[in-house]
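The values are calculated or read from the model by the stated rules, or taken from the named source; none is laboratory data. Fair warning: this is a prediction, and the values are worked out from it, not measured in the lab. Ideal geometry is used to build each Cβ from the backbone, glycine not excepted, and the neighbour counts take in all protein chains shown. For the accessible areas, the whole protein counts, side chains as well, though only heavy atoms, and no ligand, DNA or RNA atoms are used. Shrake-Rupley method; radii C 1.70, N 1.55, O 1.52, S 1.80 Å.
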Amino acid sequence: MAQKFPYERASMAIAEADIFGDHKVLEKYGINQSTLWRWRDRANSDSKLHESALLKKRMLLVDWQQDATKCLKIGLAKLSELIPNATLKDATTIHAVAGAMKIVGELKIANDALNESASESTFNS
């Protein structure tokens, strides 16, 4: 009897690999590179796998965007708390929080600019 194709596992692995990179996914799912390549190739011709992977990728991107927005809001709140009565000893903390916000903000802008990749019709091989 033929083994049933692991749609759920394959679609999640494809989506995560497109966002986080192949190496992390290979370790997480205990698969090798050729398996991931086969799954991606299949996603380009199997509409069920393709749609499932796209949906999962979109969900992962939305989660990341919400986390980034939350991080930026927390950073703004911390700066609003520190700046009005800042002393010289607060300068290091203010600089660290502002630096972290800059990095998250730049990543969010880059992600927004590249967000079209979540809608691509094929998956990276």
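Is there a quick way to get the dipole size of the chain? I mean about its Cα centre, with the Cβ of Lys and Arg at +1 and of Asp and Glu at -1; what is the value in debye to the nearest 20?
Roughly 240 debye, rounded to the nearest 20.
Taking only Cα atoms and a 10 Å spring cutoff, compute GNM fluctuations for the chain and point out the largest among 83, 103, 14.
Result for the chain, Cα springs under 10 Å: 83 fluctuates most.
Which of these, 113, 43, 13, has the largest mean-square fluctuation under a Gaussian network model of the chain (Cα springs below 10 Å)?
Ranking 113, 43, 13 by mean-square fluctuation puts 113 first.
Please give the FRET efficiency for residue 20 paired with residue 110, using the beta carbon to beta carbon distance and R0 = 25 Å, rounded to the nearest 0.05.
So, using R0 = 25 Å, E works out to roughly 0.95.
Please calculate how many Å² of accessible area the range 1-45 carries per residue, with a 1.4 Å probe and no DNA, RNA or ligand atoms counted.
64
Between residue 65 and residue 93, what FRET efficiency comes out of the Förster formula 1/(1 + (r/R0)^6) with R0 = 25 Å and r the beta carbon distance, rounded to 0.05?
0.40
Given R₀ = 35 Å, FRET efficiency for residue 28-residue 100 by Cβ-Cβ distance, to 0.05? Write out the running numbers ahead of the final one.
Numbers: r = 26 Å, r/R0 = 0.76.
Result of the calculation: an efficiency of 0.85.
Nearest 10 degrees is fine. How inclined is helix 7-20 to the longest principal axis of the chain, computing both from alpha carbons?
Orientation of helix 7-20: about 40 degrees from the principal axis.
Take the chain, connect every pair of alpha-carbon atoms lying under 10 Å apart with a spring to form a Gaussian network, then pick out the residue of 36, 76, 54 with the largest mean-square fluctuation.
76
For n ≥ 4 DSSP H runs only, could you compute -39500 (n - 2.57) per run for the chain, divide by its residues and tell me the 222 nm figure to the nearest 500? Let's see the in-between values first.
On the way: 5 runs with 92 residues, N = 125.
Computed mean residue ellipticity for the chain: -25000 deg cm²/dmol.
Run the accessible area of the chain with a 1.4 Å probe and give the carbon-and-sulfur part as a rounded percent.
59
Once you charge only the Cβ atoms, +1 for Lys and Arg and -1 for Asp and Glu, what is the size of the charge dipole of the range 13-63 about its Cα centre, to the nearest 20 debye? Write out the running numbers ahead of the final one.
Numbers: 9 positive and 8 negative charges, 18 e Å.
Taking the Cα centre of the range 13-63 as origin, the dipole is about 80 debye.
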